[in-house]
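J.: First, the structure itself, so that you have it in front of you.
None of the figures in this text is laboratory data; all of them are computed from the coordinates on show. For clarity, every value in this text was computed on a predicted model and none was experimentally measured. All Cβ positions, glycine included, derive from the backbone under ideal geometry; neighbour counts span all protein chains shown.
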Amino acid sequence: MTSPSPSQPANDRYLTRRRMTWAMVCAFLSAIALMFVRFFFPRVLFEPSPRFRIGQASDFGMGVDERFRQSHRVWIVRQPDRLFVLLAKCTHLGCTPNWIESENKFKCPCHGSGYDMEGRNFEGPAPRPLDRAQVEVDAEGQVVVDLSRLFVCSPAGGCEFDQPASFVAISGGVSGNPG
């Protein structure tokens, strides 16, 4: 049998151990109670509006504009007769492709899917072209993009890219929204 140390009596040692044990038990139960109470408060994710203005059609030069890639994950594409908006989300696994201007194509860094300037897939595992967002011109002449309405091309062949709301006509070249 061991004798207690001369500096601390045996009862004090056991009392300190009991206090430490009770402190740990109380801390654990408090953490559980806090988690229980937190469960009743909603976790709300605030997202930007799916409708936003990008400016006037004349603000965009020919080709692909990447101004809104970081903030809204879209590219604005201007052609001689129309302006449309591509969703910057690969149709294979959802990665964000890069616009490679020297090759005039979008290239997905994840698995190598390639898309032309109109968003049509021509290489890699992507099953269909990039999605297009609805665009319209408001009363003030501003182009408004609506990401809640997407136009898609199915792998089977049905394509919604020629619907009037999928592009804005520039200088009356093609029928669509007046621009």
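J.: Compute the helix-to-body angle for 10-39: its Cα long axis versus the longest principal axis of the chain, expressed 0 to 90° and rounded to tens.
T.: 20 degrees
J.: In segment 17-58, which trypsin sites (Lys or Arg not before Pro) fall in coil by DSSP and have 10 or fewer other Cβ atoms within 10 Å?
T.: Filter output for segment 17-58: 43.
J.: Amide H neighbours of residue 110 under 5 Å, counting only residues 5+ apart in sequence or on other chains, H built in-plane at 1.01 Å?
T.: The list, which skips near neighbours in sequence, is empty: none.
J.: Over the chain, calculate the relative contact order: mean separation of alpha carbon pairs under 8 Å at least 6 apart, over the residue count, as a percent.
T.: Answer for the chain is 17 percent.
J.: With the crude spin-label approximation of a point 7 Å out along Cα→Cβ, what separation in nm comes out for residue 111 versus residue 36?
T.: For residue 111 paired with residue 36, the spin-label model returns 4.6 nm.
J.: Residue by residue through segment 102-115, which ³J(HN,Hα) values in whole Hz follow from phi under the Karplus form 6.51 cos²θ - 1.76 cosθ + 1.60 (θ = phi - 60°), with glycine and proline marked x?
T.: 5, 9, 6, 7, 8, 10, 7, x, 6, 9, x, 5, x, 10
J.: Applying the Karplus parametrisation 6.51 cos²θ - 1.76 cosθ + 1.60 with θ = phi - 60° to the phi angles of segment 46-51, what ³J(HN,Hα) value in whole Hz is obtained for each residue in order, glycine and proline being reported as x?
T.: Result, ordered by residue: 8, 10, x, 4, x, 10 Hz.
J.: Here's a follow-up. Here are a few candidate values for Cα Rg over 2.2 N^0.38 Å: (i) 1.03; (ii) 1.12; (iii) 1.89. Which one was actually calculated from the structure I just gave you?
T.: This structure yields the entry labelled (iii).
J.: Now a separate question. Tell me, which longest segment in the chain has none of the chymotrypsin sites (Phe, Trp or Tyr not before Pro) that fall in DSSP loops with at most 12 further Cβ atoms within 10 Å?
T.: In the chain, the maximal stretch lacking such sites is 47-179.
J.: Once Lys and Arg get +1 and Asp and Glu get -1 on their Cβ, which of 57, 33, 20 lies farthest toward the positive end of the dipole of segment 1-115?
T.: Going by the Cα projections, it comes out as 20.
J.: From the gyration tensor of the Cα coordinates in segment 15-60, what semi-axes in whole Å does the equivalent ellipsoid have, largest first, with each one equal to sqrt(5λ)?
T.: Equivalent ellipsoid of segment 15-60: 55, 12, 4 Å, largest first.
J.: Ok, one more. How about segment 54-158: which GluC sites (Glu not before Pro) there are in a DSSP loop, with at most 12 other Cβ atoms within 10 Å of their Cβ?
T.: Within segment 54-158, the qualifying GluC sites (Glu not before Pro) (loop, at most 12 other Cβ atoms within 10 Å) are 101, 103, 140.
J.: Next question. Give the residue from 46, 77, 127 lying farthest towards the positive end of the charge dipole for the chain; charges sit on Cβ (+1 for Lys and Arg, -1 for Asp and Glu) and the dipole is referred to the Cα centre.
T.: 46
J.: Pop out the ³J(HN,Hα) list for segment 139-144 in order, Karplus 6.51 cos²θ - 1.76 cosθ + 1.60 with θ = phi - 60°, rounded to Hz; leave Gly and Pro as x.
T.: Using θ = phi - 60°, the values come out as 5, 8, x, 8, 7, 10 Hz.
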